[in-house]
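Data first, discussion second: the structure below is written as structure tokens.
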Amino acid sequence: MNFIAMDFETANHYPESACSLALVMVRDNKIVDEFYTVINPQMPFDARNIEVHQITAEDVKDAPTMNEVWPKIKDLYQPGMLVAAHNARFDTNVMRQSLARYSIKEPHYLVIDTLATSKLFEPELPNHKLDTVSEALNVDLWHHHNALSDSEACANILINQNKEFGDEAIKNLIYQI
């Protein structure tokens with residue numbers, strides 16, 4: 001299976017406030033490359049968000065903005081490319097709103113949500129949060145709410161599920177952006 005696992009963290013409750021992004025590239029069910037950056041959202045940080053991900057305004061003051069990050073990653077988002085995220089509704093909305101803020105057209109790509117796959121394939125779990133699913137599948141989540149750690153965990157969850165349940169079971173949960 002080939003896909004990109006994506007995770008954003010935000011500075012506040014606004015989806016256009018991306019302050020970090022990680023992408024993990026998977027080819028033939030193996031992680032082959034990673035991308036991580038902090039992003040200057042050019043807006044205030046909420047204390048609650050800082051508490052969750054430990055990224056502050058000071059950490060991103062010299063970081064690129066989303067419109068500066070986009071040229072480095074846009075070629076990954078081709079029609080037909082599969083992008084995985086745990087709670088994909090959140091991450092795809094952050095992508096959409098963060099790009100729209102700079103009048104950048106959102107690309108078309110395929111999405112699979114490992115929150116949804118986990119609910120289907122691991123129904124016995126008490127919840128389907130990333131840390132719970134990671135622990136149940138023995139996936140390393142080395143720093144929950146660090147975008148790179150979360151993306152790696154998401155990638156490994158989908159790799160494990162694909163190996164156990166097969167391409168056809170996974171394909172039924174893919175949708176298009």
**Request:** Go through the residues of region 58-67 one by one and say whether even a single one is at pLDDT 95 or above, touching a strand residue (DSSP E or B) at 6+ places or on another chain (Cβ under 7 Å), open to solvent by less than 40 Å² (accessible area, probe 1.4 Å) and among the polar types (S, T, N, Q).
**Result:** no
**Prompt:** From the list S103, S151, which residue is among the polar types (S, T, N, Q) and part of a helix (DSSP H, G or I)?
**Reply:** S151
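Every residue, every condition in (1) crowded, with 23+ Cβ neighbours inside 10 Å; (2) within 13 Å of Y175 (Cβ to Cβ); (3) out of contact with any Gly (no Cβ under 9 Å at 6 or more places or on another chain), yes or no:
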position	(1), (2), (3)
R89	no, yes, yes
N93	no, no, yes
Y109	no, yes, no
L120	no, no, yes
L125	no, no, yes
S134	yes, no, yes
**Message:** I'd like the full set of residues that are among the basic types (K, R) and under 24 Å from I159 (Cα atoms), limited to region 3-56.
**Reply:** R27, K30
**Request:** Using the structure shown, decide if D140 is modelled with pLDDT of 95 or more, closer than 16 Å to D7 by Cα, outside any helix (DSSP H, G or I) and open to solvent by 10 Å² or more (accessible area, probe 1.4 Å).
**Result:** yes
**Asked** Name the pairs: first residue in region 61-77 and farther than 16 Å from A100 by Cβ, second residue modelled with pLDDT under 95 and not aliphatic (A, V, I, L, M), Cβ to Cβ under 6 Å, at least 6 apart or on different chains?
**Response** none
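The values are calculated or read from the model by the stated rules, or taken from the named source; none is laboratory data. Just so it is clear, the model here is predicted, and its values are computed rather than measured. Heads up, the Cβs are rebuilt from the backbone with ideal geometry, glycines too, and the neighbour counts pull from every protein chain shown. Protein only, heavy atoms only, side chains kept; ligands, DNA and RNA dropped before computing areas. Shrake-Rupley method; radii C 1.70, N 1.55, O 1.52, S 1.80 Å.
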